[in-house]
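First the structure, which I've put down as structure tokens, then a few questions once you've had a look.
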Amino acid sequence: MTKQPERTFTCPWWLLFTFDNPLRRLVHDPLKILSPFVKPGDTVLDVGCGMGYFSLGLAKLVGEKGKVIAADLQPQMLAGLLKRAKTAGLESRIQPQLSQPDRIGVNEPVDFALAFWMVHEVRGRREFLKEVHGLVKPGGKFLIVEPVIHVSGADFEQTIALSREIGFKATVKPRVAASRSILFEK
Ligand SMILES: C[S@@+](CC[C@H](N)C(=O)[O-])C[C@H]1O[C@@H](n2cnc3c(N)ncnc32)[C@H](O)[C@@H]1O
């Protein structure tokens, strides 16, 4: 059985602005990164959503009939997300979820789940991946993207191995700047 790494650092809300700022769009275009995996009407999960940089892009992709469940541990992150969603006129498509460190807390099945630059922060990675697996519909997809600066190739392969053990099928490694990524299917 693959050993799971134990890390405890959680990106605080004030540190988020070091990378979640207008310049980020030059390297991480949410629509370009996510449009291959999401279609209008989908229900999707953005876990570890921070202030919603990707939740807003997802809300555009799912359209009026879709839904984005945006989950994070920190209330300040969800408050920032809701403010941005209101400004963008997308709040009706976004459902915030305050998570616990050991429980995402979502009960609804999803077509697609995104964990962008957050899995390395999760303590109890196996349980976390199991919870995501339980939420993704059969045939649904799960995209993990991790920052190269914090996650070694070996650490990332460990996450892939854990995800496989849980039942996800690894497919492609989409190219995302400054990141390691893997797309799973259930
Ligand atoms: C580095 S930030 C990335 C935010 C966002 N995905 C982005 O790319 O802009 C990681 C986020 O994951 C959240 N997080 C960490 N562990 C979590 C967990 N177990 N469940 C839900 N959110 C978590 C943190 O609170 C933080 O907002």
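We did not get these values from a lab; they are worked out from the coordinates using the rules stated. Computed from a prediction, not measured in an experiment: that's the story for all the values here. When we count neighbours, we look across all protein chains shown, and the Cβ atoms used for this are built from the backbone with ideal geometry, even at glycine.
Just tell me which aspartates and glutamates come within less than 12 Å, Cα to Cα, of K39; anything on the same chain fewer than 8 places away is out.
Result set, ordered by chain and number: E64, D111.
Here is the link list: K130/K169; K83/K137; K65/K86; K65/K173; K86/K137; K65/K130. Which ones come out longer than 24 Å on Cα distance?
Pairs exceeding 24 Å: K83/K137; K65/K173; K86/K137; K65/K130.
Here's another thing I want to ask about it. Report the extension gain between T2 and E185 in nm, rounded to one decimal, defined as 0.36 nm multiplied by the number of residues separating them, less their alpha carbon distance.
Gain in length upon complete extension: 63.9 nm.
What percentages make up the Cα-Cα pair-distance distribution of the chain when the bins are 10 Å wide from 0?
The percentages, shortest bin first, are 10, 41, 40, 9, 0.
What length, rounded to one decimal in nm, is gained on full extension from K32 through to W14, with 0.36 nm per residue of separation minus their alpha-carbon distance?
3.8 nm
Which part of region 118-155 falls in the paramagnetic zone of V172, meaning amide N under 19 Å from the point 7 Å along Cα-to-beta-carbon?
Label zone hits: 139-146.
Another question, then. What number, in nm² with one decimal, is the all-direction average of the projected area of the convex hull of the alpha-carbon atoms of region 60-152?
Orientation-averaged projected area of the Cα hull: 6.8 nm².
By counting other Cβ atoms within 10 Å of each Cβ, how are W117, W13 ranked from fewest to most?
Listed from fewest to most nearby Cβ atoms, that is W13, W117.
How many angstrom separate the Cα center of region 127-167 from the Cα center of region 70-106?
Using only Cα atoms, the two centres lie 21 Å from each other.
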